[in-house]
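Please read the structure below before turning to the comments.
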Amino acid sequence: MSSRLKTQDIKYYLTTKYLLLFKESSQSIMSPLRPFLIAACLGASCPSWAEVATAQPVPTDAPAELPKATDSMPLATDVPAAVPSSNVTVNLINRLVQKGILTQPEALELIKQAQADAAIAAQNAAAADAPVPAADELRVSYIPEVVRNQMRDQIKQDLMAQAREDKWSVKPSADWTSKFRPYGDIRVRYDGTFFPAANDNTFGAFPNFNAINTVAPYDRFSNQLVLPQYNVDQNRQRARLYARLGTEIMLGEGFNAGLCLGTGDSNTPTSLNQTLGGSGGNFSKYQLWLDKAFVSYDAGPGDGEELTFFLGRFANPFFCTDVQWDPDLGFDGAALRGKVKLTDNVSTFFTAGAFPVYNTDFNFASNQSAKFTSTDKWLAGAQLGIDWKINKDLAAKVALSYYDFHHIEGRLSSPFTPLNTSDAGNTDTTRPGFAQRGNTYMELRNIVLTPATTYPSINSQYQYYGLATPFRNLTLTGKLDYDHFEPLRVSLLGEVTKNVAYNNSAISQIAVNNFAPIENGGNFAGGDLAWNLAFQVGNPALEAFGEWQAGVGYRYVESDAIVDGFTDSDFGGGGTNLKGFTLGGKFALSKAVYCGLRWMSSNEIAGPPLKSDTLQIDLHAKF
């Protein structure tokens, strides 16, 4: 019979039918208790005596050829009285024959009529309830009792196993807790930086423009011999701590949010490292910073496709290497990320966004009533790429990106004479809020020297410095994964970027650094190109004891190829105007803990000689 037929309805129908037949053939079986006993044997809802007594005969329009008895319903004559049948109806009729209530011919007729009625009932129910099957739809017309029992037992076993695994018997937590997915990691690092004796440590060789720009303006005339400079000659060894604690928040209906706190010596964008013993030392406590805070909306269709919107401060949405963006860098603003399947093996992905790099202080300049024009800085970025599964062992991912840094370069101010450190120029805020090392700088203040009778106005030259070039980067990033030696993977990762806004002749007229040594002409020696290539082999993810990764890479980053404040903060002390090798590896101690070792060796490209080597030993735990 059809699997859509209601079993209880059919049993009720058959029970009533049999009782009517019994009533017509032998009144002696119609004692007040027997209808209920027969109904109970059949497992149907028990009809009342009044229903049976007043029931009308059921039409017996049987098909021309009645169904033949099968092994599942043997004839009464085939089954010895002492051997029970697996069919309740046959057992009942056999008992009636044994008690002399029915003859064997009558029993055979009852079985034939029951088979015919069951077939008609099944056909009527199927015609009334069952939808028209589709061309590719398979209909199961009958499921044997033994199969149903096996299915029931298997489902029960699966549910019990799932219950034990998911701890259904344990009292669940409050509903709101299921919306949070916490995560975090802790890293303890030994960091050693080593300088050879050949580095140029003379005055003015490596000025620290970030230190100059983040305090009161530098008096170029009075402080000629106290210019802040980078360390290039004294080795340093540090114990460093890195920690993050965050959560993803499922808001429902496609909306999500994220929140993350992290450590760090300061609010610098490229590092969450906290030097142990730093910030005053003496076991002082350390600060926590807001690393991520965003709301997102997932409008994607799923099934390998994506369309997600981000607002706030979130992780880097672009496919890139650490030459273009430091791994710890977060993005402020709005972004859209998507992925579309072209075939089973090829997908295209895209990312676009607008990000405020700097927003002018509301009261700029704070020491005068007439305020200056805003000098806001923005980053607009767009990326389009292809993700291609070439075959079962080989996969490639390639993306072309364009990053436009709007007004990130410095601008020369209107002419003025700063009489003290509080006097502001109208372009002071075009200087970088954070920088590492390597970019070319220009003076921002157009200082007019005027004779005066009081000190210090006659010679004071309070100065700030800004980036000498605009930045508009065209970047190509690619990755090739080879899985023939699974579970090990061999990967090749590369990236090349060019600052298409760079103009060497224009920069050389205003540059205050990145000059070649005097013996080489002393001219400006900056550049606009950066590239790197890295080879890696090992397990794609460190998820069990003994899994490992090892890799080697080389990079070449000219002075003004990228904004030095956003690139890798580890190689060469961070920044641009660097070239050299990286060698390292990781080894998993457990599913959540691994140790790592990395050696980096860098050289200055333009300017005075500078070489440094960095050794990092890590213990990293994630949860």
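The values are calculated or read from the model by the stated rules, or taken from the named source; none is laboratory data. For clarity, every value in this text was computed on a predicted model and none was experimentally measured. Cβ: placed from backbone, ideal geometry, glycine included. Neighbour counts: every protein chain shown. Note: accessible area is taken over every heavy atom of the protein model, side chains too, but ligands, DNA and RNA are not part of it. Shrake-Rupley method; radii C 1.70, N 1.55, O 1.52, S 1.80 Å.
The residue list Phe319, Gly330, Leu290 was ranked by how far each Cα lies along the charge dipole of the stretch 279-330 toward its positive end, using unit charges on Cβ atoms, and Leu290 comes out on top. Here is the size of the stretch 390-520 from its Cα atoms: Rg then Dmax, 23.3, 82 Å.
The charge dipole of the stretch 283-405, taken about its Cα centre with unit charges on the Cβ of Lys, Arg, Asp and Glu (plus for the first two, minus for the last two), comes to roughly 120 debye.
Accessible surface for the stretch 491-536, divided over its residues, is 52 Å² per residue with a 1.4 Å probe.
Taking the Cα centre of the stretch 363-403 as reference, the dipole from Cβ charges on Lys and Arg (+1) and Asp and Glu (-1) amounts to some 20 debye.
Over the Cα atoms of the stretch 265-380, the radius of gyration divided by the Kirkwood radius equals 1.11; this is the Rg/Rh ratio. Simple rule: put +1 on each Lys or Arg Cβ and -1 on each Asp or Glu Cβ in the stretch 216-328, find the dipole, and look at Tyr242, Gly277, Cys260; the Cα lying farthest toward the positive end is Gly277. The magnitude of the dipole of the stretch 423-570, with charges of +1 and -1 set on the Cβ of Lys/Arg and Asp/Glu and taken from the Cα centre, is near 460 debye.
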